[in-house]
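What follows is a set of notes on a single structure, which appears directly below.
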């Protein structure tokens, strides 16, 4: 059942902006990791775990809370989560030690799952023929949030210190709570189930759908490579040959805006062309970005073009993945999204750790190699999916 009459252009824009503003909480730390390392008196490798703990928290939060969207009224659930994330951001702002920061980052991740409730919510409200377009719009807002988070935090952190970024983020979330509480429609869930039954049913969905298993693996590897790059970039830019501070490092997020601008186009394309072919093309674009980072990353133009391709490829593959997975079973969209996004952000957490470790022990060459290997593996998973699909049709 859809509720298309409630899905006005204004509401789509509200959901897109909200997704971007909320997901930004996960990424404010990345351009500031070098500053945080100095502030807490720890190594860059140890500071890199701030990003890792945030993404682990996000994966756990998606596993625990996002499935509730199938059995609970989503507007109320979103309101509670926004209240919790507001408090956790204030906790990070006053962190006296790196271990406090790890704990606060984990809770920020746990409660920043609002975008992953909004995306299936938008799919539920949309009619089937516009679903890819609507998902693309909301995901475009989400990508803008990811990219602009780094730019905003780099500028604010570099000017007033990283703690003020978390104070402002808490204020953003309080405003978002008020706006969404008044704008989102109240839509009762389609499924009647207990929480325990709901969680157990997730394993059944994984067994039932090969497309879900393939999409989850591709999502993990794809976002792992994305996190390898963005976690290590501020360290790379701080040294030779660039010598940029956190304000300039944050501005590099703006170069990925092309990916966000391309997201609605990819969504519309997924309404017309089989999404698995779009996924293969987007993964190929992402692999090209890593070749540029490895062989031309010491030149500014190579780094910029690589960022443009990385963000377009990663986001395009993600939207196409979501479009085909949401089409599997209408009443299970929140749980299907849980499987996809938990896998994706476990990959992101691993990628953050790999990025900071590779930078510490092998420099930019090791970073580029590890990101490229992840994309090659995702292409292999995609190719095996096509091979198995062709065999089933034969």
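The values are calculated or read from the model by the stated rules, or taken from the named source; none is laboratory data. None of these values were measured; they are calculated from a predicted model. Neighbour counts are summed over all protein chains in view; Cβ atoms, including those assigned to glycine, are modelled from backbone coordinates with ideal geometry.
Before moving on, here are some points about what is shown:
Residues are listed down the side, and each one gets a yes or a no for (1) more than 17 Å from the chain's Cα centre (by Cα); (2) at pLDDT 85 or above:
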{"residue": "5", "(1), (2)": "yes, no"}
{"residue": "11", "(1), (2)": "yes, yes"}
{"residue": "22", "(1), (2)": "no, yes"}
{"residue": "26", "(1), (2)": "no, yes"}
{"residue": "44", "(1), (2)": "yes, no"}
{"residue": "54", "(1), (2)": "no, yes"}
{"residue": "57", "(1), (2)": "no, yes"}
{"residue": "72", "(1), (2)": "yes, no"}
{"residue": "76", "(1), (2)": "yes, yes"}
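- Residue 350 vs. criteria in a helix (DSSP H, G or I) and without any contact (Cβ under 8 Å) to a residue 24 or more places away in the chain: no
- Exactly one residue out of 283, 287, 292 is under 26 Å from residue 137 (Cβ atoms), out of contact with any strand residue (DSSP E or B) (no Cβ under 7 Å at 6 or more places or on another chain) and at pLDDT 75 or above, and it is 283.
- Residue, farthest from residue 215 (Cα to Cα), within region 298-318, restricted to residues that are touching a helix residue (DSSP H, G or I) at 6+ places or on another chain (Cβ under 7 Å) and without any contact (Cβ under 8 Å) to a residue 24 or more places away in the chain: 302
- Annotation note: Cβ proximity below 7 Å between a residue of region 269-287 that is in a helix (DSSP H, G or I) and a residue that is surrounded by fewer than 21 Cβ atoms within 10 Å (Cβ to Cβ) and modelled with pLDDT of 90 or more (sequence gap 6+ or interchain) occurs for 283/379; 287/372; 287/376; 287/379.
- From the list 60, 42, the lone residue that is within 22 Å of residue 348 (Cβ to Cβ) and in a helix (DSSP H, G or I) is 60.
- So residue 224, is it within 18 Å of the chain's Cα centre (by Cα) and at pLDDT 90 or above: yes
- So residue 16, is it in contact with a helix residue (DSSP H, G or I) (Cβ under 9 Å, 6 or more places away or on another chain), surrounded by fewer than 24 Cβ atoms within 10 Å (Cβ to Cβ) and assigned to a helix (DSSP H, G or I): no
- Scope region 366-385; condition modelled with pLDDT under 95 and either closer than 13 Å to residue 290 by Cβ or exposed (fewer than 14 other Cβ atoms within 10 Å of the Cβ) (or both); matching residues: 383, 384
- Taking every residue in region 225-250 that is at positive phi and pairing it with any residue that is assigned to a helix (DSSP H, G or I), at least 6 positions away or on another chain, the pairs with Cβ-Cβ distances below 9 Å are 243/237.
- Considered as a group, the residues in region 315-328 that are modelled with pLDDT of 85 or more and under 10 Å from residue 219 (Cβ atoms) include one that is nearest to the chain's Cα centre (by Cα), and that residue is 318.
Per-residue answers, yes or no, for (1) out of contact with any strand residue (DSSP E or B) (no Cβ under 6 Å at 6 or more places or on another chain); (2) modelled with pLDDT under 90; (3) over 19 Å from residue 257 (Cα atoms):
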residue: 101; (1), (2), (3): yes, no, yes
residue: 125; (1), (2), (3): yes, yes, yes
residue: 134; (1), (2), (3): yes, yes, no
residue: 140; (1), (2), (3): yes, yes, no
residue: 144; (1), (2), (3): yes, yes, no
residue: 155; (1), (2), (3): yes, yes, no
residue: 166; (1), (2), (3): yes, no, yes
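- Residues satisfying the stated conditions in region 123-158, i.e. under 23 Å from residue 83 (Cα atoms) and surrounded by fewer than 24 Cβ atoms within 10 Å (Cβ to Cβ): 148, 152
- Some residue of region 295-306 being closer than 20 Å to residue 131 by Cα and more than 17 Å from the chain's Cα centre (by Cα): no
- Reported count of residues in region 288-314, each being crowded, with 16+ Cβ neighbours inside 10 Å and not in a helix (DSSP H, G or I), is 1.
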